[in-house]
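Beneath this line is the structure, given in structure tokens, with notes to follow.
None of the figures in this text is laboratory data; all of them are computed from the coordinates on show. From a predicted model like this one, the values you see are computed outputs, not experimental measurements. Ideal geometry is used to build each Cβ from the backbone, glycine not excepted, and the neighbour counts take in all protein chains shown.
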Amino acid sequence: MRAATAVAVSRSRTAAAPPRIVCEGVRHAYRSASGQETLALADVSLSFADGAFVCLLGPSGCGKTTLLNMIAGFLQPGAGTVAVDGRPVEGPSPDRGVVFQDYSLFPWLTVRGNVQFGLRMAGVPPRERRRVADDCLDRVGLAAAGGRYPFELSGGMKQRVAIARALAPGPRVLLMDEPFAALDALTRTSLQNDLLELHRRDAKTVVFVTHNIAEAIYLADRVVVMSPHPGRVIEDITVDIPRPRRRTAAAFNELYERLAAAIGVNALE
Amino acid sequence: MIRRLDPSALQGLAGALLFFAGWEALSRSGLVNAVMLPAPSTVVRSAWALLQVGELQSHLWASLGRALHGFAWGAGLGVLLGVAMARLPRLNGFTYPLVQMFRAIPALAFVPLAVFWFGIGETSKVFLIAWGVFFPTWVNTFIGVRDTSPLLARAGASLGARGWRMLAFVVLPGALPFIIAGLRISLSVALMILVAAELTGALFGVGYLIQMSQLVFRVDQMFVGLLVLGIMGFGTDLLFNHLIGRLLPWYGAERRQQQAARRSTP
């Protein structure tokens, strides 16, 4: 029955515009050193509409990061297909920007150098590169930090730069793997608000992996709840609480209870 | 440096002064033969005399030139082969055991062979230094390139880096700390082999100065040679670190942060 709701949701969106990302019958198995096979993903089918902000929510081992890595092109599905804009994903590409959980800035480049990296790979001339990079830095509130090195930045600033770096080549999709998990609560809230503002302005399709229920409700238009052993989708919920969302609102708490029950809160840290 | 004379530096200075004062006193006391163990003041006077006739400079430049020449060859080839082997599994399969086998032979054992092959001229010395420098550079480059951070490689790939661009803009800069560590070891190896190579015969060089001084029984000049070698090793290391700090500002800072993190975690 739950699977049926998922299909219904994606269909209603398909009617308006073709979905940006389509995963069909995706399966992935890891083999441990002892030869034992673990199903990280068992037959997952999802599609994400253009401009949607989708959170993949679930405890560790539910396959949410595996799915994200497949959309990014870091992993190939064992069975099934992942397609972006109708084309099967064959590898990483700058039209799918990725923000990682661990700090992934190049330590040998300045902040500006990091943000310019994708443009440099694309052969954009230096002057244009710098203009775009400074614009992206401005959008994440770090216009003045271009000349600094990553080791001079706080954790929150590093993730802001990582977002700017992923945005600079102009991707249509932004993939985020628990990007704020390592940050303190205040910094995290500030980054969440800035991310929502970025999304409101240029409406990129965002796939955001998290194990934090409140974060998912606060950010997403749609929350896909996943469960481990084997990794699969157990709930697919459209969040229509009006923005800005308040964590103390009744609708927020109601949804929180529902998602917590679906996951089984004990499974969370 | 004089600006920040912390207690540990003062202690070190005091220790050195005490050592040389004791040595001076010992040589002058008559307890030992002052010819066999010349006082520091005598050594300095001999060094000054050698400097004034320009002999010491010739030895120094000859040695430095050789060391740099051999270092450039050994380090260049070491980095090249290290990168190639870490990136090309088939080449690695073919050559890895071979390189490890050669690495196991102490470079100094090649001295007689090198003289036999290349004579006692410059070629044999440059060859020996290059040979010794090659291995530490190779092994560090190899490890640095092989152990590229998978996270940074993914970040690079998602930003459109692949093929030679991935190598040039992600893998090599990421391996740089390892390569630098290898080069620094290689620098001291170069000086060590330099002396051994010069002892086999040369017209100029600090090792030659020591050898010749022994033949003419000038122990004071032998000490001058040792002094110069010490200064050379210390100086090149200092210069190297200074250059790294200037060219790669992030490198030192990253390392300091890691060390601080290691200290703070028990």
| query | So which chymotrypsin sites (Phe, Trp or Tyr not before Pro) in the range A:24-87 end up in coil per DSSP with only 14 or fewer other C-beta atoms within 10 Å? | reply | none
| Cleavage-rule hits, GluC sites (Glu not before Pro), the range A:68-165, DSSP coil, Cβ neighbours within 10 Å at most 15 | A:90
| task | Could you work out the equivalent-ellipsoid semi-axes for chain A, taking the square root of 5 times each eigenvalue of the Cα gyration tensor, largest first, in whole Å? | result | 30, 22, 19
| remark: In nm, the gap between the two label points placed 7 Å beyond Cα toward Cβ at residue B:234 and residue B:55 is 2.4 nm
| task | Run down the aspartates and glutamates and flag those whose C-alpha is under 15 Å from the C-alpha of residue B:125, throwing out any fewer than 8 positions away in its chain. | result | B:198
| task | Could you estimate the translational diffusion coefficient of the range B:96-153 from the Stokes-Einstein equation, with Rh from the Kirkwood formula over C-alpha pairs, at 4 °C and 1.567 mPa s, in whole µm²/s? | result | 99 µm²/s
| remark: Rounded to the nearest whole number, the Stokes-Einstein translational diffusion coefficient of the range A:226-268 at 20 °C and 1.002 mPa s (Kirkwood radius, C-alpha pairs) in µm²/s is 183 µm²/s
| task | Just grab the label-to-label distance for residue B:103 and residue B:199, each label 7 Å out from Cα along the Cβ direction, in nm (one decimal). | result | 2.6 nm
| task | Place a +1 charge on the Cβ of each Lys and Arg in the range B:55-264 and a -1 charge on the Cβ of each Asp and Glu, then give the dipole magnitude about the Cα centre in debye, rounded to the nearest 20. | result | 980 debye
| query | To the nearest 0.05, how large is the calculated FRET efficiency for residue A:131 and residue A:76 if R₀ is 60 Å and r is the Cβ-Cβ distance? | reply | 0.95
| remark: Expected max-MSF residue from B:29, B:63, B:188 in the GNM of chain B (alpha carbon, under 10 Å) is B:29
| Within the protein assembly as shown, what percent of beta bridges assigned by DSSP are antiparallel, to the nearest 5? | 55 percent
| request: Using only the Cα atoms of the protein assembly as shown, each taken as one equal point scatterer with no solvent, compute I(q) by the Debye sum, divide by I(0), and report log10 of the ratio at q = 0.05, 0.08, 0.10 Å⁻¹. | output: -0.34, -0.70, -0.91
| message | Given the -39500 (n - 2.57) contribution per DSSP H run of 4+ residues, what per-residue ellipticity at 222 nm results for the protein assembly as shown, rounded to the nearest 500 deg cm²/dmol? | response | -19500 deg cm²/dmol
| request: Set the Förster radius R0 to 30 Å, insert the Cβ-Cβ distance between residue A:246 and residue A:138 as r into 1/(1 + (r/R0)^6), and round the FRET efficiency to 0.05. | output: 0.60
| Using a Förster distance of 60 Å, the FRET efficiency for residue B:35-residue B:143 (Cβ separation, nearest 0.05) | 0.75
| request: Please name which of B:160, B:120, B:131 has its Cα lying farthest along the dipole of the range B:91-181 towards the positive end, using unit charges on Cβ (Lys, Arg +1; Asp, Glu -1) and the Cα centre as origin. | output: B:160
| field | Those lysines that a straight Cα-Cα span of less than 23 Å connects to residue A:204, excepting residues fewer than 8 apart in one chain | value | A:64, A:158
| field | For chain B, built as a Gaussian network whose Cα springs stay under 10 Å, the top-fluctuating residue of B:174, B:201, B:54 | value | B:54
| remark: In a Gaussian network model of chain A with springs linking alpha carbons closer than 10 Å, the residue among A:154, A:32, A:190 that fluctuates most is A:32
| query | When the scattering of chain B is computed by the Debye formula from its Cα atoms alone, each counted once and equally, what is log10 I(q)/I(0) at q = 0.07, 0.09, 0.11 Å⁻¹? | reply | -0.36, -0.58, -0.81
